[in-house]
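The values are calculated or read from the model by the stated rules, or taken from the named source; none is laboratory data. Owing to the predicted nature of the structure, the values given are computational and were not obtained by experimental measurement. Reconstructed Cβ throughout: ideal geometry from the backbone, glycine too, with neighbour counts over all protein chains shown. Heads up: the accessible areas ignore ligands, DNA and RNA and are worked out on the full protein's heavy atoms, side chains in. Shrake-Rupley method; radii C 1.70, N 1.55, O 1.52, S 1.80 Å.
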Amino acid sequence: MRFTGGKITAPLAFTGSYSVLTKCVQFKGTAKATVDLSFDQSRQTVFGQLNVEDVMLDDVPPLISTFVTAFVRKTIGEKLNPFEVLQVSQLNLSLNVQASGGLVKARVKDVHAEAQEGVLKLYLTYDFSAEKK
């Protein structure tokens, strides 16, 4: 994966077969993909979504390459999306406050991602609450 230009990009390699008019065509190739991140607050999980771009097929007849390219994009999307990136529940906080005999809890409310040159930064927003023991 690469973090550049405000995007997360990933190279992909694939092989497969596609049936067209009683003929089975074997294919292989590569693709470039971008990854969009989203946060599901109820599941406390950051998910990724692959967006397949620039499919390059090896040794596929030009007549069917459009069909195979669409098939590859659809299949990768169905098989891989969405995928789990990070469970942020492990980043929730629970702090004892001995002076007041209480507890301060912080639960992740939102996650915002920023891709910079070679770095992915995740910004977490917390929702704080207090409890009396």
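Annotations for the structure displayed:
- Using a Gaussian network model of the chain in which every pair of alpha carbons under 10 angstrom is joined by a spring, one finds that among GLN90, GLN116, GLN44 the greatest mean-square fluctuation is at GLN90.
- Exposure rank, largest accessible area first [LEU63, LEU57; 1.4 Å]: LEU63, LEU57
- Probe 1.4 Å - accessible area at GLU114, Å² to nearest ten: 60
- Accessible surface of ASP40 - all protein chains present, 1.4 Å probe, nearest 10 Å²: 50
- Surface accessible to a 1.4 Å probe, ARG107 within the full protein complex, Å²: 110
- Here the chain is treated as a Stokes sphere of Kirkwood radius computed over C-alpha pairs; at 10 °C and 1.306 mPa s its diffusion coefficient rounds to 88 µm²/s.
- Residue separation of LEU120 and SER89 scaled by 0.36 nm, minus their Cα-Cα distance, works out to 9.2 nm of gained length.
- The magnitude of the dipole of the chain, with charges of +1 and -1 set on the Cβ of Lys/Arg and Asp/Glu and taken from the Cα centre, is near 340 debye.
- Remark: the GLU78-ALA10 segment gains 22.8 nm on full extension, using 0.36 nm per residue and subtracting the alpha carbon distance.
- Debye log10 I(q)/I(0) at q = 0.23 Å⁻¹ for segment 1-62, Cα point scatterers: -0.94
- Distance in nm between pseudo-label sites at GLU131 and ASN51 (7 Å out along the Cβ direction from Cα): 4.1
- Exceeding the 30 Å Cα-Cα cut-off - candidates LYS32/LYS105; LYS79/LYS105; LYS109/LYS132; LYS79/LYS121: LYS32/LYS105; LYS79/LYS105
- Other residues with beta-carbon under 10 Å from the beta-carbon of VAL55 carry, at +1 per Lys or Arg and -1 per Asp or Glu, a net charge of 0.
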